[in-house]
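**Q** Below are the structure tokens for one structure; questions will follow.
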Amino acid sequence: MAEIAWALGKILFMLVFVFTVLVVMIWGERKGSAFIQDRIGPNRASIGGVIRLGGLVHPVADVLKLLFKEDLVPGAVNRFFYTMAPFVVMVIALVTFAVLPFGDAIYLGDKVIPLRIADLDVGILYLLAITSLSVYGIVLAGWASNNKYTFLGGIRSTAQMISYEINMGLAVLALLLVYGSTRVDAMVVEQGQLLFGFLPRWGVFLQPLGFVLFLTSVFAETNRTPFDLAEGESELVSGYNIEYSSMKFALFFMAEYASMIVAAGFISSLYFGGWQVPWLDTITLREHAGTFLGVSLWVGAVFNLLFAALLWKRYRRERGLLGDRRELEPLVLGIVFFILALVCLGAVVIASPWNLGEQGAAHFATVVQVLSFILKTLFFSWLFIWVRWTLPRFRYDQLMKLGWQLMLPLGLLNFFVTAAVVLLAR
Amino acid sequence: MAKIIIDGKEWEFEEGMNLFEACTIARGGEKLPHFCYHPGLPVAGVCRMCQVEIEGVPKLQIACNSTVRDGMVVNTRSERVENTVRQILEFHLLNHPVDCPICDQVGECALQDQYMKYGLYETDVDVGDKVMKHKAQAIGEHVMLDAERCVLCSRCVRFTEHITKTNEMGIFNRGNHSEVGVAPGLSLDNDYSMCVVDLCPVGALTSRDFRFRKRVYRLSSVDSVCPGCATGCNMRIEYADGVIYRQKPRTNLAVNEYWMCDQGRLLYKHVGGDDRLEEPFVREDGELSPVGWDHLWSALKARWEGLGESRRLVLVGSPHATLEELYGLKSLLADAAGGRVLGHRLDGTEMDRDDGFLMAADRTPNDQGARRLGYEAFTASELHDAGGEDALLVILDNDLAGLDEAAAEALGSYGAVAYLGWRENATSRVADFVLPGLSYAEKDGVFVNKDGRAQRFFKAVDGPRQAREDWRLIAELGEIFGHTPTWRAHHDLLSELSARLDAFGALAGGIGEEGTLLDGDSAAKEVERG
Amino acid sequence: MPYSIHGPQAATGGKGSRMRGAELWYLKEIFRGMYVTARHFLTNVFHMADMPTLQYPDEKPNYGPWLRSRHRLMKREDGTPRCVACQMCSTVCPSDCISIVAMEDDRPDVEKRPETFTIDLLRCVYCGMCVEACPCDAIRMDTGIFEIAADSREKFVVDLDFLLNNTTDGVKP
Ligand code: SF4
Ligand code: SF4
Ligand code: SF4
Ligand code: SF4
Ligand code: FES
């Protein structure tokens, strides 16, 4: 029973994590693209006319809007597959997460609870299997919509997936050789050590070429710029999802981000040490838990104070500019940060000197590690956005040429060289 | 014949011809700058604009007061001429208010047009130094005078002196203060008063009727013929956006020269008048009620068939109808369908006095056309005698009941009366079927004037939506009586009639701009000159 | 990057790449591009106030005195329109959106004035020719109102009354 409860808890955590990051990512995409293009970006939607959070309210408003929009189904579609497609895409994006470890195990007394949802021996192969399924959703959507643009979008997507899956597989195979395990959690644990005594033993340092190959393939697999040919607005209007509206469209839209987050999770797990905090392994973390907590509370207090001060300044500067309640926002947020600073300070004062006990120290370490995972994932999520607003879309022949004529040979080379090195090192 | 060189080119003109006219021809139709010269008026030579250089004469001469002599060498375009004209124009503008924004002449103002060519564009005259004169005086029922704008060309004065011989207008005072006006105690109310509006080269004399209603450059125009009397003055209908704004005489030296009476000018008001017949009507339960065309035709047919075995068709034409319509009525409804043509007008009606100038005694435009087609005048008792409970009377645009009370009574003796016309009148009110037709401004046609001159007029604007061209209505009537016309289009009527009837043989080659005399001789009345 | 759609590859349908590997991957250029975008991003994050964007409905741009904004008709001192219905504006108007019906004015020094004067703001192209044509300085485009919005086409057709009382605080069309 407890097993199931824990599993459900972890699934819930994952879902909450993905959907939260999703909202933040949609915001980040809009705001980030704006900043990259010297614009301001969304900043109008507000809660109560006061809180705008720099546009963070927009995704919420968008979802609300999409929820209440009429669910149009065009006449000539194949209803069953048409309705199924967005769910396929979304579900596949989510289930990939099952094998991703987001922290070291939690120890409750003598009970060990590993922080990943499914304990699969095939591990990384599961990832390969599931991601290759996700093309089904897109192809289904393209075909069932009964529209030539969606159909072309679906076809493109298929060809692209097939081409890049091989490269991704090759990169992952090389990793298997290096780590000697198909289990993702085992790989992450491996990356906790140091390389040459000063570098974290991260996949990216062991497999630099593999990383580039994997990264590129992941971009292609998630249909992101510069490989978003399935959407190709300039020639396909919007690709496979033209005929979708309201929440069905939203599912496609969110699935795109969900799969990006998953991909970011895998990139950080496979090549950047996953939940490992560089140079601080679990044992070190537990030993010095008290000190670390104290330091982080101090840092937190200082930063919160800094934020509060900045916001206060901004409030003073912008007062009277807009002439309505929106001006209060910096004040409100400033107060929130000030309170947070006080909380941190209070915690420092009350809880010192620092002695968390063994159990507490273990939990502290877990929290830090999960945070480390989240931060890495967020960074790679941001990378997707960053790349999108930097690179133009590939032309289709370029895409194919890159995949087959360049990446495939390089992937093979990488694989054989790795195999040879591993063989020799043994 | 005199050989003369104008602008370096040799021409041959009649000795003694007006040099102004000769120059116009030599300049390819481009007239010399002028205000006072008018071919219909005696030469005054007061505006001094028409300066030309004549070799051997030391000073520049005005062309309008010179005549062509053999061996003359004339220069109309030299710099000297242009400079002089420029200075003279500046003189004309000395006291001119240049209030073009509120002047109706804009667009047809000789002063504006010539200033564009000969303007100095920089004036030394201070507005404060200008001599103020009387503005906006209503000098007659139809004419407004703004003495400030007058360039003292005296055209209006000459017109009242020589053409109408009424002498209402004159130029008063001297020098800078010369001012045109009407003689004390008089007002410009003769029958041709609005001709001075056309004559006035500037906006000094403007039409009170047209005042401020439209900028003239917004108007389009078509050639037409005045339907007001048997003279058939040539005119232009000027309209914009489907609305007629004014009628102006069109030069036809054989008919009306340059003039036209006020009555004729204002006839256009009827076209958009309140008494237009805009819908077909059928008398049902004693009341005329508006119906659709389909309803009217079936009701008419039922009525016609209900008149019994001995049913008869009696037709009345009109001196107001066009030649084509009258021919259609006669050939289709009389000759083919067996109707009896009573005639085209009630004897002795629609006559007035002949004023000896343009207005003819006969106030209908096409009496001659009707007569030449075989229509004759009839009397009210003839109308009555032709009647009967079994008779259907078809009246084409002829207000019988309004013209003669006896005729009005006679209408009552008919089994049914169908009226084709465009204005509501006493006859249309007693008719059982009212078929709305089109006015002279809304259709093409031919009128034959009192001298037997066939003249064409053209459509200017669209008629009411439900109204139909009269010839089509006649064709429809033919179908009801079981006869399909031989003509399918309007122009078929004219070609058929000129081919079939000797009296109209002259029309076979088409009708000229000045009209075509049916009798082939020059019986045209020589319009008297004042 | 020497790559054009008219290049040999496009012509031969991709038979053999003439480009070297790194070029095909564009790696170097990708990093350069990402450097540029990152620079913009960070600059804007830390200098948000310097962004050139105008917070439009809250902040209004100042277009200066030469802006051709919504028309207005000037009044005489007694409040009647200065316009004499000369129709020069409607004549010169390239989009033919001014329609004027003139009428007689009893005052001898005025003589003529507009009975109706309508401008179809939807048709207007804001060229300002009407202003230049007017001999009486009766029509101006200096209200500063450049937000022309309404919820029906009819409301864009503004009449004499509206134009006479049309100032920045005036009613919207
Ligand atoms: S007559 Fe009238 S239109 Fe001609 S110049 Fe004078 S004010 Fe202007
Ligand atoms: S009123 Fe007109 S026609 Fe008469 S003199 Fe003056 S300008 Fe000539
Ligand atoms: S601004 Fe231009 S388009 Fe608009 S009314 Fe004036 S002249 Fe016409
Ligand atoms: S140009 Fe000026 S005076 Fe003339 S109609 Fe237009 S606004 Fe009125
Ligand atoms: S036209 Fe010859 S003087 Fe006036």
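**Q** Would you say B:Gly45 is in contact (Cβ under 8 Å) with a residue 60 or more places away in the chain, out of contact with any Leu (no Cβ under 8 Å at 6 or more places or on another chain) and open to solvent by less than 20 Å² (accessible area, probe 1.4 Å)?
**A** Details: in contact (Cβ under 8 Å) with a residue 60 or more places away in the chain: no; out of contact with any Leu (no Cβ under 8 Å at 6 or more places or on another chain): yes; open to solvent by less than 20 Å² (accessible area, probe 1.4 Å): yes.
Here the answer is no, as B:Gly45 does not meet what is asked.
**Q** What tally of residues in the stretch A:92-116 results from selecting those that are buried (at least 21 other Cβ atoms within 10 Å of the Cβ) and in a loop (DSSP other than H, G, I, E, B)?
**A** Looking only at that region, the number is 4.
**Q** Within the group A:Gly323, A:Gly403, A:Gly360, which residue is within 14 Å of chain C (Cβ to nearest Cβ), farther than 26 Å from A:Ser33 by Cα and surrounded by fewer than 19 Cβ atoms within 10 Å (Cβ to Cβ)? Let's see the steps before the verdict.
**A** Numbers: A:Gly403 fails: surrounded by fewer than 19 Cβ atoms within 10 Å (Cβ to Cβ); A:Gly360 fails: within 14 Å of chain C (Cβ to nearest Cβ).
Of the residues listed, the single one that is within 14 Å of chain C (Cβ to nearest Cβ), farther than 26 Å from A:Ser33 by Cα and surrounded by fewer than 19 Cβ atoms within 10 Å (Cβ to Cβ) is A:Gly323.
**Q** Here's a follow-up. Yes or no: C:Pro173 within 16 Å of ligand 3 (Cβ to nearest atom) and either assigned to a strand (DSSP E or B) or modelled with pLDDT of 90 or more (or both)?
**A** Details: within 16 Å of ligand 3 (Cβ to nearest atom): yes; either assigned to a strand (DSSP E or B) or modelled with pLDDT of 90 or more (or both): no.
Taking the combined requirement at face value, the residue does not satisfy it.
**Q** Another question about this same structure. Which ones in the stretch A:274-310 are aromatic (Phe, Trp, Tyr) and surrounded by 15 or more Cβ atoms within 10 Å (Cβ to Cβ)? Break it down into steps so the answer makes sense when it comes.
**A** Residues of the stretch A:274-310 that are aromatic (Phe, Trp, Tyr), as a first pass: A:275, A:279, A:292, A:298, A:303, A:307.
If the condition is that a residue be aromatic (Phe, Trp, Tyr) and surrounded by 15 or more Cβ atoms within 10 Å (Cβ to Cβ), then A:Trp275, A:Phe292, A:Phe307 are the ones that fit.
**Q** Sticking with this structure for a sec: Of all the residues that make up the stretch C:42-68, how many are of a type in the set (A, V, I, L, M, F, W, C), at the interface with another protein chain (Cβ under 10 Å from one of its Cβ atoms) and farther than 12 Å from A:Phe35 by Cβ?
**A** Selection size over the stretch C:42-68: 2.
**Q** A:Arg30: open to solvent by 30 Å² or more (accessible area, probe 1.4 Å) and modelled with pLDDT under 85, yes or no?
**A** Here the answer is no, as A:Arg30 does not meet what is asked.
**Q** Which condition breaks for B:Val74 when tested against (1) away from ligand 1 (no atom under 16 Å from the Cβ); (2) under 35 Å from the mean Cα position of the chain (by Cα); (3) surrounded by 19 or more Cβ atoms within 10 Å (Cβ to Cβ)?
**A** Answer for B:Val74: the failing condition is (2).
**Q** Looking at the stretch B:387-401, which of its residues are open to solvent by less than 30 Å² (accessible area, probe 1.4 Å) and within 19 Å of B:Ala337 (Cα to Cα)?
**A** The initial filter retains those residues of the stretch B:387-401 that are open to solvent by less than 30 Å² (accessible area, probe 1.4 Å), namely B:387-388, B:391-398, B:400-401.
B:Gly387, B:Gly388, B:Ala391, B:Leu392, B:Leu393, B:Val394, B:Ile395, B:Leu396 - these are the residues of the stretch B:387-401 that are open to solvent by less than 30 Å² (accessible area, probe 1.4 Å) and within 19 Å of B:Ala337 (Cα to Cα).
**Q** Cβ contacts < 7 Å: first residue more than 17 Å from B:Ile102 (Cα to Cα) and among the charged types (D, E, K, R), restricted to the stretch C:129-143; second residue within 9 Å of ligand 4 (Cβ to nearest atom) and open to solvent by 10 Å² or more (accessible area, probe 1.4 Å), any location; separation 6+ or different chain. Result?
**A** The qualifying pairs are C:Arg140/C:Met74; C:Arg140/C:Val131.
**Q** Could you identify the single residue in B:Glu53, B:Glu82 that is away from ligand 4 (no atom under 16 Å from the Cβ), among the charged types (D, E, K, R) and in contact with a strand residue (DSSP E or B) (Cβ under 6 Å, 6 or more places away or on another chain)?
**A** On the way: B:Glu82 fails: in contact with a strand residue (DSSP E or B) (Cβ under 6 Å, 6 or more places away or on another chain).
Sole residue among the options that is away from ligand 4 (no atom under 16 Å from the Cβ), among the charged types (D, E, K, R) and in contact with a strand residue (DSSP E or B) (Cβ under 6 Å, 6 or more places away or on another chain): B:Glu53.
**Q** Of the conditions (1) in contact (Cβ under 8 Å) with a residue 24 or more places away in the chain; (2) within 14 Å of another protein chain (Cβ to nearest Cβ); (3) open to solvent by 20 Å² or more (accessible area, probe 1.4 Å), C:Arg39 clears all except one; give me its number.
**A** Single failed check for C:Arg39: (1).
**Q** Within 14 Å of another protein chain (Cβ to nearest Cβ) and open to solvent by 60 Å² or more (accessible area, probe 1.4 Å), is that true of C:Arg140?
**A** Values: within 14 Å of another protein chain (Cβ to nearest Cβ): no; open to solvent by 60 Å² or more (accessible area, probe 1.4 Å): yes.
For C:Arg140, the condition - within 14 Å of another protein chain (Cβ to nearest Cβ) and open to solvent by 60 Å² or more (accessible area, probe 1.4 Å) - is not met.
**Q** Restricting to the stretch B:78-126, name every residue that is assigned to a loop (DSSP other than H, G, I, E, B), within 14 Å of chain C (Cβ to nearest Cβ) and open to solvent by less than 30 Å² (accessible area, probe 1.4 Å).
**A** Filtering the stretch B:78-126 down to residues assigned to a loop (DSSP other than H, G, I, E, B) leaves B:78, B:93-99, B:103-109, B:119-126.
This time we only want the ones that are within 14 Å of chain C (Cβ to nearest Cβ), so: B:97-99, B:103-107, B:109.
Selection gives B:Asp99, B:Cys103, B:Asp104, B:Gln105, B:Val106, B:Cys109.
**Q** Sort out which residues of the stretch C:92-117 are within 14 Å of chain B (Cβ to nearest Cβ) and near ligand 3 (Cβ under 7 Å from one of its atoms), and write them in order of number. Give the steps one after another, and end with the answer.
**A** Residues of the stretch C:92-117 that are within 14 Å of chain B (Cβ to nearest Cβ), as a first pass: C:92-93, C:96, C:98-117.
Result: C:Val92, C:Cys93, C:Ile98.
**Q** Residues in the stretch C:99-106: is at least one of a type in the set (Asp, Glu), more than 16 Å from ligand 5 (Cβ to nearest atom) and in contact with a Phe, Trp or Tyr (Cβ under 7 Å, 6 or more places away or on another chain)? Can you show your working first?
**A** Of the residues in the stretch C:99-106, the ones of a type in the set (Asp, Glu) are C:104-106.
When the remaining residues are screened for being more than 16 Å from ligand 5 (Cβ to nearest atom), the result is C:104-106.
Filter once more, keeping what is in contact with a Phe, Trp or Tyr (Cβ under 7 Å, 6 or more places away or on another chain): C:104.
Yes, because at least one residue in the stretch C:99-106 is of a type in the set (Asp, Glu), more than 16 Å from ligand 5 (Cβ to nearest atom) and in contact with a Phe, Trp or Tyr (Cβ under 7 Å, 6 or more places away or on another chain).
**Q** Go through the stretch C:112-133 and give me each residue that's within 16 Å of ligand 1 (Cβ to nearest atom) and open to solvent by 10 Å² or more (accessible area, probe 1.4 Å).
**A** C:Ala133, the sole residue that qualifies.
**Q** Same structure again: Answer yes if at least one residue in the stretch C:118-126 is among the charged types (D, E, K, R) and more than 12 Å from ligand 3 (Cβ to nearest atom), and no otherwise. It would help to see each step written out before you state the result.
**A** First, the residues of the stretch C:118-126 that are among the charged types (D, E, K, R): C:120, C:123.
Filter again for more than 12 Å from ligand 3 (Cβ to nearest atom), leaving none.
There is no residue in the stretch C:118-126 that is among the charged types (D, E, K, R) and more than 12 Å from ligand 3 (Cβ to nearest atom).
**Q** Answer yes if at least one residue in the stretch C:108-117 is polar (S, T, N, Q), at pLDDT 90 or above, on the phi < 0 side of the Ramachandran plot and in a strand (DSSP E or B), and no otherwise.
**A** Pass one, the stretch C:108-117, residues polar (S, T, N, Q): C:116.
Right, trim to at pLDDT 90 or above and you get C:116.
Next, only the ones that are on the phi < 0 side of the Ramachandran plot stay: C:116.
Of the ones still in play, those that are also in a strand (DSSP E or B) are C:116.
Yes, the stretch C:108-117 contains a residue that is polar (S, T, N, Q), at pLDDT 90 or above, on the phi < 0 side of the Ramachandran plot and in a strand (DSSP E or B).
**Q** Still on this structure, I have one more. Does the stretch B:376-387 contain any residue that is modelled with pLDDT under 90 and more than 30 Å from B:Ile163 (Cα to Cα)? I'd like the intermediate steps shown before the answer.
**A** Kept after step one, since they are modelled with pLDDT under 90, are these residues of the stretch B:376-387: B:387.
Pick out the ones that are also more than 30 Å from B:Ile163 (Cα to Cα) and you get B:387.
Yes, the stretch B:376-387 contains at least one residue that is modelled with pLDDT under 90 and more than 30 Å from B:Ile163 (Cα to Cα).
**Q** Go through the stretch B:149-163 and give me each residue that's in contact with a helix residue (DSSP H, G or I) (Cβ under 8 Å, 6 or more places away or on another chain) and either in a loop (DSSP other than H, G, I, E, B) or open to solvent by 30 Å² or more (accessible area, probe 1.4 Å) (or both).
**A** The answer is B:Val151, and nothing else.
**Q** Same structure again: Restricting to the stretch B:402-445, give me the number of residues that are within 29 Å of B:Ala489 (Cα to Cα), open to solvent by 20 Å² or more (accessible area, probe 1.4 Å) and in a helix (DSSP H, G or I).
**A** Result for the stretch B:402-445: 0.
**Q** Would you please list the contacts, defined by Cβ atoms under 8 Å and residues six or more apart or on different chains, that run from a residue in the stretch A:215-228 that is farther than 17 Å from A:Tyr257 by Cβ to a residue that is open to solvent by 10 Å² or more (accessible area, probe 1.4 Å) and modelled with pLDDT under 80?
**A** A:Thr216/C:Trp25
**Q** Hey, another quick one. In the stretch C:69-91, which residues are under 30 Å from B:Met132 (Cβ atoms), in contact (Cβ under 8 Å) with a residue 40 or more places away in the chain and more than 10 Å from chain B (Cβ to nearest Cβ)?
**A** C:Leu73, C:Met74, C:Lys75, C:Pro81, C:Arg82, C:Cys89
**Q** For residues that are of a type in the set (S, T, N, Q) and within 15 Å of C:Val158 (Cα to Cα), scanning just the stretch C:62-105, find the one that is nearest to ligand 2 (Cβ to nearest atom). Full working, then the answer.
**A** From the stretch C:62-105, those of a type in the set (S, T, N, Q) are C:62, C:69, C:80, C:87, C:90-91, C:95, C:99; that's our starting set.
Filter once more, so that each one left must be within 15 Å of C:Val158 (Cα to Cα): C:69, C:90, C:99.
On the way: C:Ser69: 43, C:Ser90: 27, C:Ser99: 31 Å.
Here the residue is C:Ser90.
**Q** Restricting to the stretch A:385-426, count the residues that are assigned to a helix (DSSP H, G or I) and not hydrophobic (A, V, I, L, M, F, W, C).
**A** The initial filter retains those residues of the stretch A:385-426 that are assigned to a helix (DSSP H, G or I), namely A:385-388, A:396-425.
After this cut, where a residue has to be not hydrophobic (A, V, I, L, M, F, W, C) as well, the list is A:388, A:396-398, A:401, A:403, A:405, A:409, A:411, A:414, A:418.
So the answer is 11.
**Q** Further question: So for the stretch A:335-343 (the condition being under 30 Å from C:Asp58 (Cα atoms), within 14 Å of another protein chain (Cβ to nearest Cβ) and in a helix (DSSP H, G or I)), does at least one residue qualify? Please lay out each step first, then the result.
**A** First, pick out the residues of the stretch A:335-343 that are under 30 Å from C:Asp58 (Cα atoms): A:335-338.
So of that shortlist, the ones also within 14 Å of another protein chain (Cβ to nearest Cβ) come out as none.
Among the residues of the stretch A:335-343, not one is under 30 Å from C:Asp58 (Cα atoms), within 14 Å of another protein chain (Cβ to nearest Cβ) and in a helix (DSSP H, G or I), which makes the answer no.
**Q** Which numbered condition trips up B:Val196, out of (1) out of contact with any Lys or Arg (no Cβ under 9 Å at 6 or more places or on another chain); (2) within 13 Å of ligand 2 (Cβ to nearest atom)?
**A** Looking at each condition in turn, B:Val196 falls short on (1).
The values are calculated or read from the model by the stated rules, or taken from the named source; none is laboratory data. Note that this is a predicted model, so its numbers are computed, not measured. Here the Cβ is made from the backbone with ideal geometry for all residues, glycine too, and neighbour counts use every protein chain on show. To get the accessible areas, we keep the full protein, side chains included, count just its heavy atoms, and leave off ligands, DNA and RNA. Shrake-Rupley method; radii C 1.70, N 1.55, O 1.52, S 1.80 Å.
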